[in-house]
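These notes are about the structure you will find just below.
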Amino acid sequence: MEIPSKYQANNVESKWYDYWMKHQYFHSVPDEREPYTIVIPPPNVTGILHMGHMLNNTIQDVLVRRARLQGKNACWVPGTDHASIATEAKVVARLKEQGIDKNDLSREEFLKHAWDWKHEYGGVILEQLKKLGCSCDWDRTKFTMDDDMSEAVIQVFVDLFNKGQIYRGYRMVNWDPEAKTTLSDEEVEYIETQGKLYYLNYRVKDSDEVLTIATTRPETIFGDTAICINPNDERYKHFKGKSAIVPICNRVVPIIEDDYVDLEFGTGCLKVTPAHDENDKMLGDKHNLEVIDIFNEDATLNSFGLHYEGKDRFEVRKAIVKELQVAAILTKTEDHTNRVGISERTKAIIEPRLSDQWFLKMKDLVKPAITSVLEDEDIKLYPKRFNNTYRHWLENIRDWNISRQLIWGQRIPAYYYGEGQEDFVVASTNKEALTLAQEKSGNSGLTLNDLNQETDVLDTWFSSWLWPISVFDGIRHPNNDEIDYYYPTNDLVTGPDILFFWVARMIFAGYEFRGQKPFSNVYLTGLVRDKKGRKMSKQLGNSPDALKLIDTYGADGVRVGLLLSSAAGNDLMFDEELCNQGKAFANKIWNAFRLIKGWEVKDIPQPESTAVALKWYEAKFQKVLAELEDHYSKFRLSDVLMTTYKLIWDDFCSWLLEMIKPAYQAPIDAQTYDAIIEIFEKNLKILHPFMPFLTEEIWQLITKRQPEEALIVASYPKFDAIDEQIILDFEKVKEVVSGIRTIRKEKNISFKDSIELYVINSEGISSTYNSVISKLGNLEHITEVEEAIDGALSFRVFSNDYYIPIKGAINIEEEIDKLSSELSYTEGFLKSVQKKLSNDRFVAGAPEKVVEAERKKEADAIAKIATLKSNLENLKS
């Protein structure tokens, strides 16, 4: 089989992905094997592949491919999330381009447009994941609004309502005026903005006096229904029981007292706007104040805004400030830093708004989620430091607002049959609802036409919190074979930004609906940032095109580039050069393979040096295998890759192949060739999870394979005893070879010219390794001696002294001058280091690592001086 001179990633990747798909290696069905299950964090159906997806899914694929090699029944379930807010916004924008207003469409008409959009664009990101090499079971692809998934969501809503855990309440909610829907507390981000503090005079009724109020939102005065003072504030005691007049709208409002008012903030007087501030709402409830909502759903002012009706809140703020200035009501303005809530999805500034919404009680749901993660550690977070974030969220949790004022999503299964607050029923179907409504109302004459279903849909997270259960149909059919086999899943890989949105809620759902954890381990990736540490964004133009990277560096190169610097939970500083490093690694392995396959094989005796080298590498491989297992168990995947990288690049390519390769145009013995092929195959197996395409290509080129012999389903290397002694010995061998090579390089002694080596073997290094040292150093012989060799250059490895006679090969006088100069410089360097170390303040105050580095400099300098003096002595004798 002809081996191409260069590794062509683009050709190879499509070839092997098609091959894997054709033979259904990714597909899983329950059997007698141990299952290994991962569910993909479903990307938004609106999404396209970005660097965060690349990192997250590469990690998942590494874990799944390794499990498959270990003989487990690996099942990776892919899918997408319907993403109510994002998708509805995309559809509305598309309709707008077509000259269609959403408000002119019926619910059914809008949903038809939304499904059309989903069918046209919804699968893009999953197709892109295939380019990355993701080995998902594509036959299991799910969408959170598939019929069976939606049915499960509705069933859960009904179940929780019947348990008394879901209720309908009139509450202050987070309103997104751009998406025109409520948001849960967790969907609100907080940012600091530079705003103003406006001081306004409110006239006291039947008096010439005024009360000065400091506010950041002068446009909300139209909703003021009281002025509040602190009962302990001596400045304002005489206003108790009086009334004030709200500027512009001239509404007369009571002056109330409450110790909620901060004496130190602003003027110590508070305007109370119960419809537009949560704290004001609590004051309003306590003092039975009128509630006046001044905003429309898009945050323009309604009729209570008088002449500002129909104008945007921020436009009104500018205009009303001018009006208040002209009227001499605005007395002064100060700069003020505001902490403002914005929508996590649209980035619009949140408006607190009173609204009838549906809520899920969290008090009982949260308890097992706290116990399993923080007490029993039945579920482990990696890195563990996220336990603190998790604890803070769960111990401060509030009831979950699960209703959204949208069309795209699962419609809440509540049916209204009358005008009263409690005139509704909850049921899975309208027929069931009719029966319940007839019973509850006592009116057997009610018909389906008398029922009106709730128009709100459920929060997207209310479907995705069921994901590990619902993808195996475990809600509708809780005892089916698949859920019993695949659940609980094993590992979850996701970002810390959705630790509460999704991870915690899946844990709630797992214990509520299965009585089990949904997964055992949660690996939290960091954010992918640019090399300057900035978050990647379209605005900054620093987010590379993921597919273009794959075209340039190959999928394997990109996977390696991402994982080489991605420690769990830490942000990745992405540099495209990392992908180039991955590509270079692929080329290194390819060239090593071409070298091996280019050797002529003959049935000749195996050299002694080769037998020793092969024994060493086997020991080294076993040691690395144990290290990899430890790294995998702690989800240190970048360490797994780096350890594998060093083994293959350094130990295999740079050392082993050098030790066993035949002389130029000479054949290699069959025993060694078979052994090196077996070693290469084991290297490919541990590398396959990271570089699946390259490894499968080489695996299939080594020899003709049947489909059941493909690398993707091969057996992972087995653990064996580790010969620690040969590994330690070889570190000394490497040092000796490096010493020989250094002298050859410095003295311009050609490698073609054989040289002699003498050793004072104080260390007791076995002569077993002499054949390896001789081959790598091109030595005539290695001779043990009792004393130093005159006229030779020396170097030291541990306590052994090595001598290479060089008289006649170099100019002795020039060498003495050169070594003398180097000795003088090194002695000066040693003095400067020792001066620093003799400074008690430095030793006591500097970080331990810095002091340790200085001590190492000192030791290295002392050793170098000893070697230089020895070499000078030998040359002068």
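Placing unit charges on the Cβ atoms only, positive for Lys and Arg and negative for Asp and Glu, gives segment 150-193 a dipole magnitude near 420 debye about its Cα centre.
With r defined as the distance between the Cβ atoms of residue 839 and residue 872 and R0 fixed at 25 Å, what FRET efficiency is calculated, to the nearest 0.05? Efficiency computed from Cβ-Cβ geometry: 0.20. Think of the chain as a dipole: +1 on every Lys or Arg Cβ, -1 on every Asp or Glu Cβ, centred on the Cα centre; then among 671, 543, 232, 543 lies furthest on the positive end. Normalised by residue count, the chain yields a Cα convex hull volume of 244 Å³ per residue.
All other residues whose Cβ lies under 12 angstrom from that of residue 360 are scored, Lys and Arg at +1 and Asp and Glu at -1, for a net of +1.
Once Rh is set to the Kirkwood radius over Cα pairs, what Stokes-Einstein translational diffusion coefficient, in µm²/s, holds for segment 511-623 at a temperature of 20 °C and a viscosity of 1.002 mPa s? Here the translational diffusion coefficient equals 116 µm²/s. The alpha carbon centroids of segment 754-831 and segment 214-280 are separated by 90 Å. Once you treat every alpha carbon in segment 15-159 as an equal point and sum by Debye, what is log10 I(q)/I(0) at q = 0.14, 0.16, 0.20 Å⁻¹? Log-scaled intensity ratios, in q order: -0.78, -0.94, -1.22. Computed 3J(HN,Hα) for segment 543-550, one whole-Hz value per residue from the Karplus formula 6.51 cos²θ - 1.76 cosθ + 1.60 where θ = phi - 60°, is 9, x, 6, 4, 5, 5, 4, 5, glycine and proline marked x. Note on segment 726-776: Cα Rg divided by 2.2 N^0.38 Å, N the number of residues, gives 1.17. Rolling a 1.4 angstrom probe over the protein heavy atoms with all chains in place gives segment 717-865 an accessible area of 60 Å² per residue. Considering amide H positions built from the backbone, and no H for Pro or chain starts, which residues 5 or more places from residue 516, or on another chain, come under 5 Å of its amide H? Amide H neighbours of residue 516, under 5 Å, 5+ apart: 511. Peptide packing for 438-446, 691-699, 637-645, 392-400 was compared via the average number of neighbouring C-beta atoms within 10 Å per residue; ordered from the highest value, the list is 691-699, 637-645, 392-400, 438-446. Counting only Cβ charges, +1 for Lys and Arg and -1 for Asp and Glu, the dipole size of segment 687-816 around its Cα centre is about 540 debye. Restricting attention to segment 292-364, lysine pairs at least eight places apart or on different chains and with alpha-carbon atoms under 26 angstrom apart total 6. Counting protein heavy atoms only, segment 577-736 has 49 percent of its accessible area on carbon and sulfur, 1.4 angstrom probe.
Using the crude model of +1 on Lys and Arg Cβ and -1 on Asp and Glu Cβ, and no other charge, please compute the dipole size for segment 787-850 relative to its Cα centre, in debye to 20.
The calculated dipole for segment 787-850 is roughly 520 debye.
Each principal axis of the Cα atoms in segment 351-436 has its own extent, and those three values, largest first, are 51, 34, 25 angstrom.
Cross-link partners for residue 90 among the aspartates and glutamates, with Cα-Cα distance under 14 Å and sequence neighbours closer than 8 places in the same chain left out: 101, 116, 120, 178. Peptides 668-674, 743-749 ranked from most to least packed give 668-674, 743-749, packing being the mean of other C-beta atoms within 10 angstrom over each peptide's residues.
Note on residue 516 and residue 193: the extension gain reaches 111.9 nm, defined as 0.36 nm multiplied by sequence separation minus the Cα-Cα distance. Considering segment 443-510 at the alpha-carbon level, its Rg and Dmax are found to be 17.3, 54 Å.
Note on residue 307: accessible area approximately 110 square angstrom, rounded to 10, probe 1.4 Å, nucleic acids and ligands left out.
For the chain, find the longest principal axis of its Cα atoms and tell me its angle to the long axis of helix 147-162, 0 to 90°, nearest 10. Helix 147-162 sits at roughly 60 degrees to that axis.
Considering helices alone, the calculated mean residue ellipticity of the chain at 222 nm is -13000 deg cm²/dmol, with DSSP H runs of length four and up weighted by -39500 (n - 2.57) and normalised per residue.
Under 5 Å from the amide H of residue 414 lie the amide H atoms of 454, each residue being 5 or more positions distant or on a separate chain, with H modelled from the backbone and absent for Pro and chain starts. In this structure residue 835 has an accessible area near 150 Å², from a 1.4 Å probe over the protein heavy atoms.
Share of carbon and sulfur in the accessible area of segment 797-877 stands at 54%, probe radius 1.4 Å. Toward the positive end of the charge dipole of segment 627-775, with +1 on the Cβ of Lys and Arg and -1 on the Cβ of Asp and Glu, the farthest Cα among 660, 725, 743 is that of 743. When the charge dipole of segment 378-476 is built from unit charges on Cβ atoms (+1 for Lys and Arg, -1 for Asp and Glu) and taken about the Cα centre, the candidate among 408, 427, 443 whose Cα reaches farthest toward its positive end is 408. The slack between residue 601 and residue 629, meaning 0.36 nm per residue of separation minus the straight C-alpha distance, is 6.6 nm. Number of Lys-Lys pairs in segment 633-790 with C-alpha atoms under 13 Å apart and a separation of 8 or more places or on different chains: 5.
On segment 302-392, 49 percent of the accessible area sits on carbon and sulfur atoms, based on a 1.4 Å probe.
The values are calculated or read from the model by the stated rules, or taken from the named source; none is laboratory data. Predicted, not measured: the structure shown is a model, and the values here were computed from it. For neighbour counting, all protein chains shown are included, and Cβ atoms are generated from backbone atoms with ideal geometry for every residue, glycine included. These area figures cover heavy atoms from the full protein model, side chains too; ligands, DNA and RNA do not enter into them. Shrake-Rupley method; radii C 1.70, N 1.55, O 1.52, S 1.80 Å.
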